[in-house]
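The next block holds one structure in the form of structure tokens; read it before the comments.
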Amino acid sequence: MEPIADNEIKRVLVVSAHPDDSDFGASGTIAQWVKKGIEVAYVFCTNGDQGGEESGFTKEEMPAIRQREQRAAGAAIGVTDITFLNYVDGHLEPTLGLRKDLVRQIRISQPDRMVCQSPERNWDRIGASHPDHLAAGEAAIQAVYPDARNPFAFTDLLEEENLQPWRVKEVWVSAFANPDHFVDITDTFNLKMKALHAHASQTAHNENLETMVREWGQRNAALAGFPEGRIAEAFKIVNTN
């Protein structure tokens, strides 16, 4: 499916399970949106405290470190509106509570487009299908439809917080097994890597990080039929209007 033209998009909300998920999955594309003047906001569902076992930090230290790193990564591509819901890493489930928290964020941000993780397991890329990713993707889709647009859903958000119903026009799903839209990020790949290097507790030990990420992107570009050597990010486009 062809997405809505970027010049018709004013705001984008990116929902991820962990700090760094959006940078691995979509930061080259997000950097292009920011350059076009589109407002981008991030929401991270967990505090990330189960990541970084090779960093030398304790589990108790990780949430503050990962939030600091994510703010630096966002700044590297021009995203400063960042919210952490602080659910426990590794324990995320698509509960009504998480769904309500995401409806709140949608109504606050009022995005035309939303980016989320796939709620469907990708058997070819099991690393992309962390249980938290699946849960964040499922809750995000449920928040978009039916809840965020429905004044009768979570009525206290409207009555007590004055958060008006909001209809998201489309969702871009990352890590989907059969993507149908590819974005050439060759010109913003350096910004993607700058964002990823900001996640030092997660990436500093990987000497092959840039090679690995480049190869992922080149495989996406080949699937898209882009010229050899180009780098791409891949998405499933869902019309939710």
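The values are calculated or read from the model by the stated rules, or taken from the named source; none is laboratory data. Because the structure is a prediction, the values reported are computed rather than measured. Counting neighbours? That spans all protein chains shown, and the Cβs are built from the backbone with ideal geometry, glycine included.
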_Matching option when the condition is among the β-branched types (Val, Ile, Thr) and in contact with a Lys or Arg (Cβ under 8 Å, 6 or more places away or on another chain), among VAL88, VAL34, VAL43, VAL12_ = VAL12
*Consider only pairs whose beta carbons are under 6 Å apart and that are at least six residues apart or on different chains; among these, list those whose first residue lies in region 99-111 and is in contact (Cβ under 8 Å) with a residue 24 or more places away in the chain and whose second residue is of a type in the set (Asp, Glu).*
VAL103/ASP147
*Please indicate, with yes or no, whether at least one residue in region 215-238 is more than 18 Å from the chain's Cα centre (by Cα), surrounded by 22 or more Cβ atoms within 10 Å (Cβ to Cβ) and not hydroxyl-bearing (Ser, Thr, Tyr).*
yes
_Can you tell me how many residues within region 51-82 are surrounded by 15 or more Cβ atoms within 10 Å (Cβ to Cβ), more than 23 Å from THR29 (Cβ to Cβ) and of a type in the set (A, V, I, L, M)?_
2
*State whether one or more residues within region 108-121 are surrounded by 20 or more Cβ atoms within 10 Å (Cβ to Cβ), part of a helix (DSSP H, G or I) and modelled with pLDDT of 95 or more.*
yes
*Consider ARG149 carefully, then state whether it is more than 20 Å from the chain's Cα centre (by Cα) and more than 25 Å from GLU69 (Cβ to Cβ).*
yes
*Find the residue count for region 175-208, including only residues that are in contact (Cβ under 8 Å) with a residue 40 or more places away in the chain, among the polar types (S, T, N, Q) and within 30 Å of GLU2 (Cβ to Cβ).*
3
*Of residues in region 14-66 being among the hydroxyl-bearing types (Ser, Thr, Tyr) and in contact (Cβ under 8 Å) with a residue 40 or more places away in the chain, the one nearest to THR203 (Cα to Cα)*: SER55
*asked:* Please go through region 174-202 and give me each residue that is surrounded by 21 or more Cβ atoms within 10 Å (Cβ to Cβ) and of a type in the set (Ser, Thr, Tyr), ordered by number.
replied: SER174, THR188, SER201
*Whichever residue in region 122-139 is out of contact with any strand residue (DSSP E or B) (no Cβ under 7 Å at 6 or more places or on another chain) and under 23 Å from LYS169 (Cα atoms) and, among such residues, is surrounded by the most Cβ atoms within 10 Å (Cβ to Cβ)*: ALA139
